[in-house]
Amino acid sequence: MKTDIIVVGGYGHVGGQICKLLSASYFGSVYAAGRSLERAEAFCSRMGGGVKPLVIDVEKPISRQQLERVKLVIMCLDQTAADFAEACLKAGADYVDVSANGRFFEAMEQVKQRKEEVDGTALLSVGLAPGLTNLLVLKAMHALEEVTRADIGIMLGLGDTHGKAAIEWTVNSLGATFDITEEGRTRKADSFTEGIKTDFGDGWGTRTAYRFPFSDQQTLPKTLGMPTISTRLCFDSRIATVFIAWIRKAGFIRFMSFSPIKKLMIHSLGKLRFGSEGFAVKVTGYGKLAGTAAMAEFGLQGVKEADITAAVAAAAAKLMYENKLPKGIFHIEQLFELDLMDHGITLRLTHYEGTGCHTVIPSIQSWSHMQS
């Protein structure tokens, strides 16, 4: 009988939170996995027996026998190949991926296009961005009769504690060139350019956010048929945001290719604690309602972005664990919807066979606005 839940990267910043949240419901069935047995054991010793240590190296093949009792695998590490995920699915284990690596999503799309026989459900784009941003775009589509464009704005607090992998991804992305979709056509865009004013709601106000290579803007045109979509980023510190935009415009960002400079910046951001722990997300959908041009806005605010990512992943994992979902590879907006409440949000399944179709994620404030 399949009962085990394996969290790969389970002793890391986000993975540890996921283990803690899931062990409250599935005590003794959750495994914190990674390459270091010492780190896994040290983490599990603080969990009171609810989480067990496990050694797994995703760069090495995993056998069907190793996955015999595994019902669900949650991946918290960045990957570029889909071999490990494919092995899980073929062994009948469901798979949740918390990463936002575009190359990995492309590899999973190739598995899907090959129409490989899989006996599990893979859920991608799980977290804050991608994840909640995808679901807010879906909500904008449901609010309007026709949506021709969606703008996603993300504000992150520099006072928050971010995991090393998240910091490395952010630094590596500052000089990136990536694909965006405009009017159904693909073009190249540079990171931290083409800023626009974005109102993030009460407490944060209007800030300039800049293009950034979040994967939601690459996947949503395919999953939702969105003709124009963009995702932009800013920080709670206006000074930091302006400074990064300036060094990008001045061309100094090219020095980030030098390993010592990159390591210094990653280390500095890891130690940096000015600013707040808050985050805000704003999605604006433009289209028509009753034949008239209309706009639908949805926003979220909270603190500790990594904890919210973990909470979304744990909520989705719990619903997958307790319900039967369609087999195959999906992004979160293809299987879930979002309901907004006064002091939290509800993650709700749209395709399932089971007893429970929704779960509440607290500590998030939401707001919405319609205009025509």
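Is it true that some residue in region 257-279 is modelled with pLDDT under 80, basic (Lys, Arg), assigned to a loop (DSSP other than H, G, I, E, B) and open to solvent by 40 Å² or more (accessible area, probe 1.4 Å)? Yes, region 257-279 has at least one match. The sole residue among 353, 333, 322 that is among the charged types (D, E, K, R) and buried (at least 21 other Cβ atoms within 10 Å of the Cβ) is 333. In this structure, residue 39 does not satisfy being open to solvent by 30 Å² or more (accessible area, probe 1.4 Å), in contact with a Ser or Thr (Cβ under 9 Å, 6 or more places away or on another chain) and in a helix (DSSP H, G or I). Cβ-Cβ contacts under 9 Å between residues 6 or more apart (or on different chains), taken from a first residue in region 205-218 that is touching a residue at least 60 places away in the same chain (Cβ under 8 Å) to a second residue that is open to solvent by 10 Å² or more (accessible area, probe 1.4 Å) and among the β-branched types (Val, Ile, Thr), are listed as 213/177; 217/181; 218/181.
Residues considered: 77, 54. Of these, the only one that is in contact (Cβ under 8 Å) with a residue 40 or more places away in the chain and within 22 Å of residue 127 (Cβ to Cβ) is 77. Inside region 1-14, can you point out the residues that are within 21 Å of the chain's Cα centre (by Cα), over 15 Å from residue 57 (Cα atoms) and open to solvent by less than 30 Å² (accessible area, probe 1.4 Å)? Result: 5, single match.
The values are calculated or read from the model by the stated rules, or taken from the named source; none is laboratory data. This is a predicted model, so every value here is computed, not measured. Cβ atoms come from the backbone with ideal geometry, glycine included; neighbour counts cover every protein chain shown. For the accessible areas, the whole protein counts, side chains as well, though only heavy atoms, and no ligand, DNA or RNA atoms are used. Shrake-Rupley method; radii C 1.70, N 1.55, O 1.52, S 1.80 Å.
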